[in-house]
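Single-structure report; data block below.
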Amino acid sequence: MRNNFLGAAAAAALASTVAADASYTLSNQNEVRTTATSMAKNLVGFLKNGTSLLPEDQYDWFSNAALWASIIEFGHNTGDSTYASTALAAIASQYGDNADFAPEQQTLTEGNDDQAFWATTALLAAERGQDDPKGKPKWVDAAIKVYTTQQQRYDAETACKGGLRWQLRAANVGYNYKNSISNGLFFNLAARLARYTGSQTYIDSAEKTWEWLELSGLVDNKTYSVYDGISTDDCGKVLKTELTMSNSVLALGAANLYNITKDDKQKMWQARLGNLTARATDRFFSKSILTETSCEGINSCSTSVDLMKGMLAQHYGQAMQLAPFISNDNMTELLQSSAVAAARQCAFGDNGQICGLNWLSGKGENKTANAMSQVSALNMVNSLMSSKAVAPYTNKTNPVNIAKDKGGKGTNGGKDGNDNASGRVEANAMLAAVLMLSSAAYHAI
């Protein structure tokens, strides 16, 4: 294991440098927690007049799932339950009549990616030991409902030899497009359900999806680039745009499969996860700062893309809990340096604490500060606490289920949820009281 600890003098110099540039400092774990608390408060502040969803004219529906997922992670990592009931009520409110995240108001525009994003957020609530909604299906059951629905769509597909379409309705732009986000989220959902439930069915489904991703060319099995998508009009023509979340959603799925498989299967997922991690560190970090390289340099990122850097941080933070070996591949240090850079950008809004997205340049532009850039910043800081947090629970270790089995009430507490088929994942202590960012790399920006 690499030595990731800076000397006291270097840490002090780094802390003072950051303090001069931002509202937040991240020189120790108390400051990390305080910063996350402030960021979470400012994020929830984007919700106006008691609503639980962002304005539809500014944000896509799935963006709300990302928002509440970041709040769940914040609560899990800090033990702060301030927003827990609001987050859980917001997620359950989008169940729809069939608890499959297809509410009536979204049926004309919903895509496979939107639906799966909400399903993975519901599953996250289960993995983090959150109480199930009263009078409604459990979080895991809603996730299974979406999985089953999308599996049926997958099995019915013949164009491009399989894979999910981006959009559900033929009238919508994107119906003839099969993208890595939609199929990656389905893979992610299947892999996490495999770990949570212990069912081989989900493992088989995840493996089949991965095979199609390689067959279609969306995953290059040599470079481990994850490309954006293909058109059903020309299956052989791959749009070779690479986005942060397209990589990380697969990485988290692979980490879950690594965690529950054995022998050759585990070695296979270890190799795939290691290769995805190597590609992410090579492709998406410039001067040790996480960057959406496909659009950031030319200021063309959409609001929907603004959340993706944060999703990479969230996904890899969780992945390192299940597959600690990837912490040795520079990912820990890169997330730390990126969190510092993100904190430097939290200088906007009426209170001067809303976070922008120009982490690499460090130049302040108020127009880059929105709810999704706030999600990304919070997820960056959340990732710094992941190594000391309890790993995702399973159906057997979820304290809510254990309490109910004993005749008690659900609780958001509980002991370590790391027991699984491939052994106990021990807490990774790589994050110390100081953030690991070299002064040379920092001042080179």
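In what sequence do C301, C346 fall when counting other Cβ within 10 Å, fewest first? Walk me through the numbers on the way to the answer.
Values: C301 20, C346 26.
Taking fewest neighbouring Cβ atoms as first place, the list is C301, C346.
Test of understanding: what is the full-extension gain from S304 to K161, defined as 0.36 nm times their sequence separation minus their Cα-Cα distance? Write down the numbers at each step before the final one.
On the way: separation 143, 0.36 × 143 = 51.48 nm, distance 2.88 nm.
Separation in residues times 0.36 nm, less the Cα-Cα distance, equals 48.6 nm.
Find how many whole Å separate the alpha carbon centroid of segment 181-245 from the alpha carbon centroid of segment 87-125.
21
How would L88, L54 line up from fewest to most surrounding beta-carbon atoms within 10 angstrom?
In increasing order of surrounding Cβ atoms, one gets L54, L88.
At D264 and S199, where each label point lies 7 Å from the Cα along Cα→Cβ, what is the point-to-point distance in nanometres?
Once both label points are built, they end up 2.7 nm from each other.
What's the percent breakdown of Cα-Cα distances in segment 220-314 across 10 Å bins, shortest bin first?
With 10 Å bins starting at 0, P(r) equals 15, 42, 32, 10, 1.
Can you divide the C-alpha Rg of segment 15-97 by 2.2 N^0.38 Å and report the result to two decimal places?
Working: Rg = 14.9 Å, N = 83, 2.2 N^0.38 = 11.8 Å.
Compared with the compact-globule rule of thumb, segment 15-97 sits at 1.26.
Can you tell which of Y316, N330, L189 lies farthest toward the positive end of the dipole of segment 30-389, using +1 and -1 charges on the Cβ of basic and acidic side chains (Lys, Arg; Asp, Glu)?
N330
Can you compute the modelled spin-label distance between K404 and T51, with each label point 7 Å from Cα toward Cβ, in nm?
3.2
With no solvent and one point per C-alpha, what does the Debye sum give as log10 I(q)/I(0) for segment 30-389 at q = 0.09, 0.10, 0.11, 0.15 Å⁻¹?
Log-scaled intensity ratios, in q order: -0.44, -0.55, -0.68, -1.38.
Could you line up E214, E31, E104 from fewest to most neighbouring Cβ atoms inside 10 Å? Spell out each step's value before the answer.
On the way: E214 12, E31 20, E104 8.
Starting with the residue having the fewest Cβ neighbours, the order is E104, E214, E31.
Can you give the FRET efficiency for T107 and T86, using 1/(1 + (r/R0)^6), R0 = 35 Å, r = Cβ-Cβ distance, to the nearest 0.05?
Efficiency, rounded to the nearest 0.05: 0.85.
For segment 30-389, what does the relative contact order come out to in percent, with C-alpha contacts under 8 Å and a separation of six or more?
Working: 588 pairs, mean separation 56.7, N = 360.
Relative contact order here is 16 percent.
For a Förster distance of 51 Å, can you work out the FRET efficiency between the beta-carbons of K41 and D233, rounded to the nearest 0.05?
Details: r = 47 Å, r/R0 = 0.93.
Taking R0 as 51 Å, the efficiency between K41 and D233 is 0.60.
Rule-based calculations on the coordinates, nothing more; no lab input. This is a predicted model, so every value here is computed, not measured. Cβ atoms come from the backbone with ideal geometry, glycine included; neighbour counts cover every protein chain shown.
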